[in-house]
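Chemist: Sharing a structure below in structure tokens format, with a few things to ask.
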Amino acid sequence: MSDSSARNNGGRPSGGGVQNLRLKWLVFAILCALPLSGSMSLWLQGVSMIPLAAYGIVSVLAFLLYWSDKRKARAEQWRTPENVLHALEFAGGWPGALLAQQVFRHKTRKVSFQVVFWFIVLLHQVFWIDMLFLGAHLFALF
């Protein structure tokens, strides 16, 4: 669907698509900027490729697990435990989880789930701010 058709529909996409697509892509890009630049920096310095690979691989896994859980929810089948979803997000899959939440409109209204999800995203942001700008001193305390 094009943005013009969304504008002609009062700003809402027709057919239940993602609303405010440009804004959501902008927020997604901003949130991914620190982890991507930090992971790329570690790889280019020859330190490790693991963070870069983990974000990509675990994000794909998280996306697929959200898709599967949404299908199970619709079919009223046994669901994926929320702690499993959160573990994947924490392991670096939060970008895939965020995309899946928007694409499948899954887990977006449950406040308790969203609080934990956004706390995980915040932890990742703080970690990379510490790594890139504060000399990794913050997390060295733990």
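The values are calculated or read from the model by the stated rules, or taken from the named source; none is laboratory data. None of these values were measured; they are calculated from a predicted model. Every residue, glycine among them, receives a Cβ derived from its backbone with ideal geometry; neighbour counts consider all protein chains shown.
Chemist: Among the residues of segment 99-112, is there at least one that is free of Cβ contacts under 8 Å to residues at least 24 places away in the same chain, surrounded by fewer than 16 Cβ atoms within 10 Å (Cβ to Cβ), within 23 Å of L21 (Cβ to Cβ) and not charged (D, E, K, R)?
Modeler: For segment 99-112, residues free of Cβ contacts under 8 Å to residues at least 24 places away in the same chain, surrounded by fewer than 16 Cβ atoms within 10 Å (Cβ to Cβ), within 23 Å of L21 (Cβ to Cβ) and not charged (D, E, K, R): present.
Chemist: Filter segment 79-109 for residues that are more than 11 Å from the chain's Cα centre (by Cα) and under 20 Å from I30 (Cβ atoms) and give the result.
Modeler: V103, T108
Chemist: Follow-up. Surrounded by 13 or more Cβ atoms within 10 Å (Cβ to Cβ), touching a Lys or Arg at 6+ places or on another chain (Cβ under 9 Å) and not charged (D, E, K, R): is that true of Q125 in this structure?
Modeler: no
Chemist: For segment 105-128, what are the residues that are assigned to a helix (DSSP H, G or I) and hydroxyl-bearing (S, T, Y)?
Modeler: Across segment 105-128, the qualifying residue is only S112.
Chemist: For segment 2-39, which positions are exposed (fewer than 14 other Cβ atoms within 10 Å of the Cβ) and at pLDDT 50 or above?
Modeler: Listed by number, the residues that qualify are Q19, R22, L23, W25, L26, V27, A29, I30, A33, S37.
Chemist: Quick check, is L85 aliphatic (A, V, I, L, M) and either in contact with a strand residue (DSSP E or B) (Cβ under 8 Å, 6 or more places away or on another chain) or modelled with pLDDT under 95 (or both)?
Modeler: Judged against the criteria, L85 is not a match.
Chemist: Of all residues in segment 41-97, count the ones that are surrounded by 13 or more Cβ atoms within 10 Å (Cβ to Cβ), part of a helix (DSSP H, G or I) and of a type in the set (D, E, K, R).
Modeler: Of the residues in segment 41-97, 5 are surrounded by 13 or more Cβ atoms within 10 Å (Cβ to Cβ), part of a helix (DSSP H, G or I) and of a type in the set (D, E, K, R).
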